[in-house]
Amino acid sequence: MDARQLKVEAARAALAQVTDGMRLGIGTGTTADEFVRLLADKVASGMTITGVPTSERTAALCRELGVPLSTLEETPELDLTVDGADEVDPELTLIKGGGGALLREKIVAAASQRMIVIADRSKMVETLGRFPLPVEVNRFGLRATEIAVAVAAGNLGLSGPVTLRMTRGQPFVTDGGHFILDASFGRIPDTRALSNALHAIPGVVEHGLFIGLASAAIIAGGDGIQTVHA
Ligand code: ABF
C-alpha cells in the first residue's frame with residue numbers, strides 16, 4: 001500500500017466511529033482530507049452530521065464536497081473530532097501544526113468529547129521531537145518571542161534552531177493572523193514542562209504539543225490497522 005492508501009485506510013476506520021446526528025470536529029491535512037472525502041460520500045448517501053472545520057482549507061474542501069458545516073460559535077460542544085498529526089507517541093501525546101492549523105485544531109479538539117487521530121505508521125515515535133515543534137506566535141514582538149522561546153527551552157536542557165515559517169518568500173500567516181515558529185529542539189522528554197514553559201511566554205498564542213487531548217489513534221501500516229487507546 002502506498003502512503004495515500006494508508007491515509008485512506010486510517011480515515012475509513014475513523015469514519016466507522018461516526019454515527020448519524022454527530023457533531024463532528026473535522027481536522028486539517030492530507031490525512032484529514034481523506035476523511036472528508038469519505039465523510040462526503042456518507043453524507044451523499046443520507047448520513048446527517050454537523051461539521052466544524054479546523055481550518056479555512058478544510059472548510060473549503062467540505063463546502064466543495066457538500067459536507068454540512070457549522071461554526072464552533074453555533075456548535076460549541078462536539079461529540080468527536082477526527083484529525084491528523086505530525087507525530088504520535090505511545091501515550092498519544094502529539095505534535096501537530098505542520099499544516100499551520102494548530103490553534104483551531106486544539107480549540108476544536110478541546111471542545112470535543114473524543115478526539116481520534118488518524119495517521120500512517122511513519123508518524124509513530126517513541127519520543128516526540130523529530131518533527132520540529134510548531135509554535136504559533138503573535139506578530140507583535142516576534143524577535144523577542146523567538147528569543148524567549150529559545151531561552152525557555154534552554155532552561156529545560158533543550159536547544160536547536162527556532163525559525164520563522166516562510167511561504168513563497170513571506171512569513172506564513174495562520175487562519176488566526178499569527179506567525180509560526182518551527183522549533184527544532186530534537187527529543188522532548190518532558191512535554192508537559194515544555195508546554196508550561198511555552199504557555200508562560202506572552203507572545204506565544206499556542207503550541208503544537210497536544211497533551212491529554214487524543215482518546216485514540218488509528219494507525220495504518222502495511223500490515224493493517226492498529227488502534228491505540230489513551
Ligand atoms: C494536521 O495536518 C496537522 O496538525 C498536522 O500538522 C498535519 C498532518 O498532515 P498530514 O496528514 O498531511 O501528514 O493534522
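How high is the relative contact order of the chain, given as a whole-number percent (alpha carbon pairs under 8 Å, six or more residues apart)? Intermediate values should be presented prior to the final figure.
Working: 504 pairs, mean separation 52.1, N = 230.
Worked out over the chain, it gives 23 percent.
Shown for the chain: lysine pairs separated by 8 or more places, or found on different chains, whose C-alpha atoms are under 20 Å apart, numbering 6. Expressed to the nearest 5 percent, the antiparallel share of DSSP beta bridges inside the chain is 55 percent. So how far, in whole Å, is the C-alpha centre of region 20-99 from the one of region 211-230? A separation of 17 Å, based on Cα centres.
Shape analysis of region 1-97 yields a ratio of the Cα radius of gyration to the Kirkwood radius, Rg/Rh, of 0.95. One decimal place: the segment Arg143-Glu126 gains 2.9 nm when fully extended, by the rule 0.36 nm per residue minus the C-alpha distance.
Taking other C-beta atoms within 10 Å as the exposure proxy, Glu74, Glu146 rank Glu74, Glu146 from fewest upward.
With springs only between Cα atoms under 10 Å, which of Ile49, Ile201, Ile147 fluctuates most in a Gaussian network model of the chain? With Cα springs under 10 Å in the chain, the top fluctuation among Ile49, Ile201, Ile147 is at Ile147. Rounded to the nearest 500, the 222 nm mean residue ellipticity of the chain from helices alone is -9500 deg cm²/dmol, with -39,500 (n - 2.57) taken per DSSP H run of at least 4 residues. Which loop trypsin sites (Lys or Arg not before Pro) in region 139-230, with loop taken from DSSP, have no more than 15 other Cβ atoms within 10 angstrom of their Cβ? For trypsin sites (Lys or Arg not before Pro) across region 139-230 that sit outside H, G, I, E and B with at most 15 neighbouring Cβ atoms in 10 Å, the list reads Arg139, Arg168, Arg187.
We did not get these values from a lab; they are worked out from the coordinates using the rules stated. The model shown is predicted, which means the values in this text are computed figures rather than measured ones. Quick reminder, even Gly has a Cβ in these numbers, built from the backbone with ideal geometry, and neighbours come from all protein chains shown.
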